[in-house]
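In what follows, a single structure is set out as structure tokens and then discussed.
Just so it is clear, none of the values below were taken in a lab; they were calculated from the coordinates. Computed from a predicted model, the values in this text were never measured in an experiment. We place every Cβ from the backbone using ideal geometry, glycine too, and count neighbours over all the protein chains shown.
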Amino acid sequence: MVYITADIGINHNGSLGTAMKLISAAKGAGCNAVKFQKRDPDISVPLAQRTKIRETPWGQLTYIEYKRRMEFGQSEYDAIARECSDLKIDFFASAWDIPSAKFLEQYNMPYLKIPSAVATDEPFLHWVAKSQAFDKVMLSTGMCTQDDVDSAIKILGKPIVMHCTSTYPCPHDEINLRYMLELRRLYPDLQIGYSGHETGLATTVAAVALGAQYIERHITLNRASWGSDHAASIEPSGFVRLVKDARAVEASLGDGFKKVEPGEYQKIQSLKGSDYARKIV
């Protein structure tokens, strides 16, 4: 079954209450999991960006102050873990640096996500490869060359490889869904998925038809909300449709072999006759 993740990321805008509403919406839509982001701004924010002034819901802040405001810590993650356990929905996160990955080790997550921004950070990848705390590692491939992808896979071993284009929102002519077919050719033993940042649902459903085993899209309560990711996100009602359509396509794929399906037998009797029907039973 395709594993569908509602990526909350930082769409909570620093509010635990908003995060809880998004978890509930993801569960109600039938998602398998929710995902968050964890980073240490003092490590992950580039030096040139730190002192830039940004308009935020808390007024004008430097970029690094804004990033610190957006981070959840121990108490918030403890509450998220309890809520997801109560609702019986998986919860995991992407880590942007080693301290953040170490922080996430305590939560017995099914996955650790390597975001596209650090998919070429080899010291970080080597640390993740040695960690025994996560069942599986997801590798996002946005902003990467094929050489970058090959190098990351070599370090990580057998990650789940998520095709991704890191444009928010992503225009359709940059999505390149057929790259999943190339990944399957290059790495037949690996699981392949799709992490989308486009508007609309059709392309994500098409990724399922192309064999994606994992699907990830951002979720928001309101696409017009303040923040960089909301415009490339899906509202709860859209997630309900996405899950429904993805499951329908998944069920429709079949095994690829031509045969007379059970529902056709009555038609065979009426249109081809009993003698023909007896031959194929």
With a point put 7 Å past each Cα toward its Cβ, work out how far R178 is from K158 in nm, to one decimal. 3.0 nm
Just subtract the alpha-carbon distance of T199 and M1 from 0.36 nm times their residue separation and send over the number in nm, one decimal. 68.9 nm
Note down the relative contact order for the chain as a percent, whole number, built from C-alpha pairs under 8 angstrom at least six residues apart. 18 percent
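Using r as the Cβ-Cβ distance of S15 and R185, and R0 as 45 Å, what FRET efficiency do you calculate, to the nearest 0.05? Please report the intermediate quantities before stating the final value.
Working: r = 44 Å, r/R0 = 0.97.
Working from the Cβ atoms, E equals 0.55.
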How much length would be gained if the chain were fully extended between E264 and A231, taking 0.36 nm per residue of separation minus their Cα-Cα distance, in nm to one decimal? 7.4 nm
If one takes the longest principal axis of the Cα atoms in the chain, at what angle in degrees, from 0 to 90 and to the nearest 10, does the Cα axis of helix 236-252 lie? 40 degrees
Taking 158-165, 178-185 and ranking on average Cβ neighbours within 10 Å, highest first, one gets 158-165, 178-185
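Given only helices, namely DSSP H runs of n ≥ 4 each adding -39500 (n - 2.57), what is the per-residue ellipticity at 222 nm of the chain, to the nearest 500 deg cm²/dmol? It would help to have the intermediate numbers written out before the result.
Working: 12 runs with 114 residues, N = 281.
Result for the chain, helices only: -11500 deg cm²/dmol.
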Just the number, please: percent antiparallel of the DSSP beta bridges in the range 3-280, rounded to the nearest 5. 10 percent
Acute angle (nearest 10 degrees) that the helix 16-29 long axis makes with the longest principal axis of the chain, alpha-carbon atoms: 10 degrees
Listed residues F257, F134, F36, most fluctuating in the chain (Gaussian network, C-alpha, under 10 Å): F257
What distance in nm lies between label points placed 7 Å from Cα along the C-beta direction at T145 and S75? 4.7 nm
